[in-house]
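Take a look at the structure below.
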Amino acid sequence: MDALAPIVHGFAAAFEPARILYCLIGVVVGTIVGVLPGLGPAATIALLLPATYRLDPVSAVIMLAGIYYGSQYGGSTTSILVRIPGESSSMVTCYDGYEMTRQGRAGAALGMAAIASFVAGTAAVVGLMVVAPLLGRFALAFGPAEYASLMILGLTLVAWLGSASLLKSLAMAVTGLLLATVGQDPVAGVERFTFGTQSLLDGIDLVPVFMGLFGIAEVLETMERPPAEQRLPTPKGLWPTRQDFRDSAAPVARGTVLGFLLGVLPGGGATIASIASYVTEKRFARNRARLGQGAIEGVAGPEAANNAAATGSFIPLLTLGIPANVVMAMMLAALTLHGVRPGPLLVVERPDLFWGVIASMYLGNVLLLILNLPLVGLFIQILRLPYPVLAPLILLFCLIGSYSVTGQTAEVATMVCFGVGGYLLRKLGFDAAPLVLALILGRPLEESLRQALAISQGSFAVFVTRPISLVLLLAAAASLTAPALARIRRQPA
Amino acid sequence: MTPGWARSDVAGGAALLALAALAWVAGRGLPLGALSQPGAGFFPRILTLLLAVLSLTMLVHGLARPGAAFTEPWTDRSTRRRLLLMTGALVFYVAAVGTLGYLVTTAALFVVMVRWVGGRGWAHALVVAALCSAGSWYVFGRLLRVNLPAGALLP
């Protein structure tokens, strides 16, 4: 059993007391970062990078990895309680998670989010051990054309989201893409739509948009009701019921597989994975009619998917040295800082690091479950606050979150604009999720599109002659036409 | 019957059409480049056209079919007051925080929200405002070292 020796070695390395401590620190920080909107894992890892200088590389990566997957646990908390996603990958959790809170089932939603995260996270680590090298090669087949097609597919998924009409969802997605072009263009650095202001030069930051569209707009909408009717119901029961577990099993399984596969691919990663899972549940699952009305499936599936994706995104980094997203790019920087070169040879050259980090993820997920389940009881106490006090607290959270991104009041102004704008959009029957997704995908999409066109010397054929790209585009076309067809079938002329 | 402008598809379509027009005007000077070497204006121009088509469709669709008025929640006077007060408080926050500083501006936001928007008493509002602004300043600014806005006059 020589093949297993490095794995055993890795487990031994991960379970040294000091490393257990670093893993614990990582997941605790990750949970906090996930709960606090505006503070993301990428920024946190960047801040903590210098602090890991004195650690050995294995401990450093164990801790930083813990921050990343830990943040996926915490991100759902504010989505469920106050309808502000802590991370973009918890955006779709707002739909059913917050609806459950309104029905007094916040405890069940939070509990299921933690359990789904645990199951998916652990399953994804198993997947990571078994298929890492294989999937790594698959990700290598992705060129600019494939990235562009994948992101287009991700965008068309929004057609299935939310309650808005197809036309409105598409209009929001295009608006988001257009907003993403604000600032210096990604290829030549030409200024676009900055209207001469300094603060728009780096583009529209995601965090203030998020805080505005979700947080501020939600508070404004609640203000439509008289103060006496604003209060959220006191949660009944802390735990998911037996029925909840039965309903969640299949969505968690589907979300895990989807999330793991999408996490491996560069680009949207956890965010696209959670959306794909939500769409799957909303359109194809047995209980699809309940989605959007506070169904546990709408929490369990996406939360499983974003955790599986977070773990999956380590595959291209560890096996190819290619970061799948911003957080992984920070991780790459951390590894390089410690003199480790990730790539196909990592597993041979540094088996202690490769397997040690993977082994620590088992431990991290267990720690997160132990940490998060008791926190459910603490978090739902927030709902006992009277709304006239809770509302300014939510506003303050959004204000601090937006300001802390760059330390400019302009960010707060952006947030207020998107808050009022988001409220008006809601009144007009638009859904904000497609806009946010498009804002995230806009820059990488434009970059890949322009690169692909430059490589093909202006021929769009490159998108349909490369097999992976063709399949992705066909899927995108199907995802756009299927809801329209379904609608036509439903209402015969 | 709902007047045309108050239907959500009409108002929404018109607003997005205006946005497309703005993007067209503001993006006029950007280099389009060639298909083999797309310039900075290439992607925005495609999107602008796409948005124009979508918003026009929405507008026409809305004009052709009667729909409910989206302005319905604003017909009640006290609702309008709450919404405007909250929006005003946020705008004030952005405008004043650079001068008056975090503590005072945050406290003011809480007073408006608790006293007038929430309809609680003065004592309640002042205590919550003092506790929350000082508490958050200490926890975020001091303990967590989060970047908080500082004023020219006060912290």
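Taken about its Cα centre, the protein assembly as shown carries a charge dipole of about 1460 debye when Lys and Arg each add +1 at the Cβ and Asp and Glu each add -1 at the Cβ. Other residues with beta-carbon under 14 Å from the beta-carbon of residue A:309 carry, at +1 per Lys or Arg and -1 per Asp or Glu, a net charge of -1.
Summed over both chains, the area buried between A and B is near 5000 Å², taken from the accessible surface of protein heavy atoms with a 1.4 Å probe. The mean count of C-beta atoms from other chains within 10 Å of the C-beta of residues in B:44-51, rounded to a whole number, is 6. Taking segment B:76-145, which chymotrypsin sites (Phe, Trp or Tyr not before Pro) meet the DSSP loop condition and have no more than 12 other C-beta atoms within 10 Å? Passing both the DSSP loop test and the Cβ count: no residue. For segment A:84-189, the relative contact order works out to 11 percent when only alpha carbon pairs closer than 8 Å and six or more residues apart are counted.
Assuming charge only on the beta carbon of Lys and Arg (+1) and of Asp and Glu (-1), the dipole of segment A:131-268 about its Cα centre is about 560 debye to the nearest 20. Entry comment: accessible area of segment B:114-155 is 61 Å² per residue, from protein heavy atoms only and a probe of 1.4 Å. Computed from the Cβ-Cβ distance with R0 of 30 Å, the FRET efficiency linking residue A:406 to residue B:84 stands at 0.55. Taking each residue as 0.36 nm, the span from residue A:53 to residue A:129 lengthens on full extension beyond its C-alpha to C-alpha distance by 24.6 nm.
Descending by average beta-carbon neighbour count within 10 Å, the peptides A:122-132, A:108-118 line up as A:108-118, A:122-132, the highest first.
For segment A:374-493, with all protein chains present and a 1.4 Å probe, just round the carbon and sulfur fraction of the accessible area to a whole percent. Summing carbon and sulfur atoms, their accessible area is 69 percent of the total for segment A:374-493. Per DSSP H run of at least 4 residues, take -39500 (n - 2.57); add these up for the protein assembly as shown, divide by its residues and hand me the 222 nm value, nearest 500 deg cm²/dmol. Result for the protein assembly as shown, helices only: -22500 deg cm²/dmol.
Cα gyration tensor of segment A:372-432, axes a ≥ b ≥ c as square roots of the eigenvalues: rounded (a/c below 1.5), prolate (a/b > b/c) or oblate? The shape class here is oblate. Selection among A:478, A:385, A:412 by position relative to the dipole of segment A:360-493 gives A:478 as farthest towards the positive end (Cβ unit charges, Cα centre). Other residues with beta-carbon under 15 Å from the beta-carbon of residue A:31 carry, at +1 per Lys or Arg and -1 per Asp or Glu, a net charge of -2. A straight Cα-to-Cα reach below 21 Å connects residue A:168 with the lysines A:282, A:427, residues fewer than 8 places away in its own chain not being considered. Mind listing, in residue-number order, the residues in segment A:222-266 that have at least 30 Å² less accessible area with every protein chain present than in their own chain alone (1.4 Å probe)? Checking the loss per residue gives A:223, A:224, A:227.
Other protein chain C-beta atoms within 10 Å of residue C-beta, averaged over A:175-184: 5. Think of the protein assembly as shown as a dipole: +1 on every Lys or Arg Cβ, -1 on every Asp or Glu Cβ, centred on the Cα centre; then among B:14, A:305, A:327, B:14 lies furthest on the positive end. Count Lys and Arg as plus one, Asp and Glu as minus one, and take only other residues whose Cβ is under 13 Å from that of residue B:126; the net charge is then +2. Free of any trypsin sites (Lys or Arg not before Pro) that DSSP assigns to a loop and that have at most 12 other C-beta atoms within 10 Å, the longest stretch within chain A is A:287-493. What you get for segment A:254-334, charging only the Cβ of Lys and Arg (+1) and of Asp and Glu (-1), is a dipole of about 340 debye around the Cα centre.
Calculated FRET efficiency, residue A:474 and residue A:46, Cβ-Cβ r, R0 41 Å, to nearest 0.05? Calculated transfer efficiency: 0.60.
Expressed in units of 2.2 N^0.38 Å, where N is the residue count, the Cα radius of gyration of chain B is 1.55.
The values are calculated or read from the model by the stated rules, or taken from the named source; none is laboratory data. The model shown is predicted, which means the values in this text are computed figures rather than measured ones. Don't worry about glycine lacking a Cβ; one is built from the backbone with ideal geometry, like all the others, and counts go over all protein chains shown. Side chains included, ligands, DNA and RNA excluded: accessible areas come from the protein's heavy atoms. Shrake-Rupley method; radii C 1.70, N 1.55, O 1.52, S 1.80 Å.
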